[in-house]
1. Whole number please: convex hull volume per residue of the Cα set in region 240-284, in Å³?
2. Under 10 Å, Cα contacts only: if you run a Gaussian network model on the chain, which one of 294, 38, 21 comes out with the highest mean-square fluctuation?
3. In cubic angstrom, how much convex hull volume per residue do the alpha carbon atoms of region 6-180 span?
4. Looking at the chain, send over the antiparallel percent of its DSSP beta bridges, to the nearest 5.
5. Can you pull the Kirkwood radius for region 287-366, inverse mean 1/r over Cα pairs, to one decimal in Å?
6. Select from 18, 163, 95 the residue whose mean-square fluctuation is largest in a Gaussian network model of the chain (Cα-Cα springs shorter than 10 Å).
7. Mean separation of Cα pairs under 8 Å and 6+ residues apart, divided by the residue count of the chain: what relative contact order is that in percent?
8. Once label points are set 7 Å from the Cα along Cα→Cβ at both residue 288 and residue 46, what is their separation, rounded to one decimal in nm?
């Protein structure tokens, strides 16, 4: 029997500070984006979900008893949610699903988590299950880790589910605690700029997984379960890490965790010049210690600062995607123009630049 259509939406996210800290049980400070992925789901009582997307041709049928490896490509994120719900002892229901999205794919804005959380919201609304947001985040993360095969942390899902207008989210990944932090740059005559390099965000050659493994080796050398356990001991503790590359990776994690709290303090004081300086320090750490930026991304960040931004950093897992910059509001247009001209003159694709703000989290539509 066909039920009424359910519409559910979830946003992408931008991480202000704290990169690759989530799977190290550290801290991060993302915001939810205004751009959203919307799922329209019509349950029909069958044993499968038939899904279509406005970005793809054709329909894909996903049995409710799907197993990892059975569905690939973009639809694996949908299938992964159905599988993860079942593993969690939750119900699913068959039906037809249509997906539309404003979240740019491949730019490091967590289009995958937006899709997972929107699908999860629609399916649990159809079954009537009440699942708290932290458990939803873990169900969605399991879908991405164990069905899709991407070893990501929990930040993207938590940001998508807990987002609040006008607030960043201080996340402690040791216990998935989320604390809203007022975030309104415009009130201090500042602007948060999102610069899409248009270099596809890709964890090339398993580099994301390699960074995670490096951090795990560093923790093992230190005799702890995660780098979080040595956070308060300073970077000097890392002298016990055997491999110098692993040591640099761990140094990025410890210093970026510190920068998270420094940004929270600066945002609270509406001191966006300090926020910018911390952004640039984080970018240098990702470039030199964690080695996840690219010459293209570095050019975007450096040019934004040279054009008058307080600071700039890559956001997301690395190897492409977007740069965020915080700047005086009256310099925003000039920065966008300078970045565009410089990047194109260097032979790269023309970037796009937009002002963004913190949006709301996942929820039903209309």
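1. 53
2. Maximum among the listed residues: 294.
3. On the way: hull volume 17.8 nm³, N = 175.
Value for region 6-180: 102 Å³ per residue.
4. So the antiparallel bridges in the chain amount to around 90 percent.
5. Final number for the Kirkwood radius of region 287-366 is 13.7 Å.
6. Judging by the Gaussian network model, the answer is 95.
7. Normalised by residue count, the contact order of the chain is 24 percent.
8. Rounded to a tenth, the inter-label distance reads 5.8 nm.
Taken together, the values in this text are just the output of simple stated rules run on the coordinates, not laboratory data. Model, not experiment: these values are computed from the prediction. Counting neighbours? That spans all protein chains shown, and the Cβs are built from the backbone with ideal geometry, glycine included.
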